[in-house]
Amino acid sequence: MGRLNRVTDAAPPDYAAPPPGPNPVALAIAHDLVTRYRLRVADQRDGRLGELLGRYVLAAAMWNGPRAALVAFYEPPADPAAAGPDLAARCDAARRWGLSRLHEQGAQVCDILLIALGPLTGTLSATTTPSDPVRLGVAWVDTATANAGAVLPIPPGMPPVGELRARARAVQEGAPTPTLAAVDLAERQAVAGGYVAPVRRAMVTQPLLTYSLIAAFVVIWVLEYTTLSLHSTTTGPDICSWGALPNAEFYPAFGQSPPCNVTWWRFVSSAFLHDPTSVYHVLFNSIAMLFIGRLVEQLYGRLVLLGVFLITAIAGGLFWVAASTAAPSLPGITPTSISLGASGGIAGLIGLLLMVGRLQGKNVPVGITHTVRNYAVTVIVLNVVLTFVFGPSLSVNNYAHVGGLIAGALLGCILPPIMSIGGRDHMIIEKIVLWGAIAFSSVALLFALLNLAAAIMHPLPAFAG
């Protein structure tokens, strides 16, 4: 019998175990960096890393465009006493690297986030100001406890602490983590697709708020039509009782109705009313909201859609009343003019789309921004043509349209699209303004409802003239 060679667990002397791969938590975060934040995995041999070369276990960067960026992961020293000096040296080197990218890349700003794959204690004093072109943040992720924190504030457009903690917890709970090859493949697919996949996903989401606004327009119009059909305007609630917006105080029904004043709540309520004698008014505005509102909801989110609609509707009404007061002889203005309809707010949404990608949302794919802006211009041109052709017969309030459009364009200079398609998260002040407009409008609609209830409960006597 031949002799059997015994297999042992010992490896040959010249065998070298493969180096361990990046930390699973770092890989999970890196997958988000290349798919959501549009960064690219940095090759550790890439000379563009400069003095950072070889000092990080994994890094992702943005190498071109008006914004340079870097997210780099490192293992902090086991000795807590050495962790502080090590981090200080890394911060200094990262700032120098950021300044060099501004020069070499021609970028306007450089955002850097250093992530320690282990707990860091203490805090650092930020040596930069918000206006500094190099914005450096430092965070840590404890892979053992699935916790995370920030030592220096994380720059905008970078993963926040909550997201880092969520990824660490998912890994700890056994969620599948991508390999480095999977992260690289995801990056290639994102680049090949022009980063439009998130936009495509956003564009197929159901615009539920848009549908809700359209339903509100239609239901209120049906109630208007029904009420005004059952009652004469001399005995029942007229359109001013519903909350239409006049440009001056007047008595609409044979001098018997109470005066229709320019009251604050009418700037909101008038945006939800339409001419009860014409189904075309509510039909045209509902169709316009369907096409314009859904774009805004999918690109900017529901909060922006509702907030901008309300703010620009109010702005359109203010512009109309101001023009009527300053120049009552302008075309389309009479002492008994009233304004009602959602078109002022819809014009504001068009103005918002007109500015997408100009000051906010510069990272939205260029093809998407050009298409949306061209669409907005087309709608504006069609609106102008229809106004000249049908305006006199339809009594179109162009002043509310112009005021809403201007207000929407101004808001478009400030409010960004959603982050997943290349925008950013809203700042606290932006959320306060939007929610404030919604709260103000809710109170205004309540006043309109109370005014209508009073008109219904106390009808005027029939006119006997």
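Every read-out reported here was derived from the displayed coordinates using simple, explicitly stated rules and does not represent laboratory data. Because the structure is predicted, anything quoted here is derived from the model rather than measured. Positions of Cβ are backbone-derived with ideal geometry, glycine not excepted, and every protein chain shown enters the neighbour counts.
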By the mean-Cβ-within-10 Å protection proxy, highest first, 434-444, 403-413 rank as 403-413, 434-444
Subtract the Cα-Cα distance of LEU446 and LEU53 from 0.36 nm times their separation in residues, and report this length gain in nm to one decimal. 135.2 nm
Can you list residues whose amide H is under 5 Å from GLY137's amide H, if they're 5+ apart or on another chain and H is modeled 1.01 Å from N? ILE112, LEU113, LEU114
Length gained, ALA82-GLU173, 0.36 nm per residue minus C-alpha separation, equals 29.7 nm
Approximate spin-label separation ASP425-LEU359, in nm, with each point projected 7 Å along Cα-to-Cβ: 2.3 nm
Can you give the FRET efficiency for ASP132 and HIS458, using 1/(1 + (r/R0)^6), R0 = 56 Å, r = Cβ-Cβ distance, to the nearest 0.05? 0.30
How far, in nm, would the chain grow between ALA216 and LEU99 when pulled straight, counting 0.36 nm per residue and subtracting the alpha carbon separation? 36.8 nm
Between SER339 and residues 5 or more places away or on another chain, which pairs have amide H atoms under 5 Å apart, with H built 1.01 Å from N, and which residues are they? LEU245
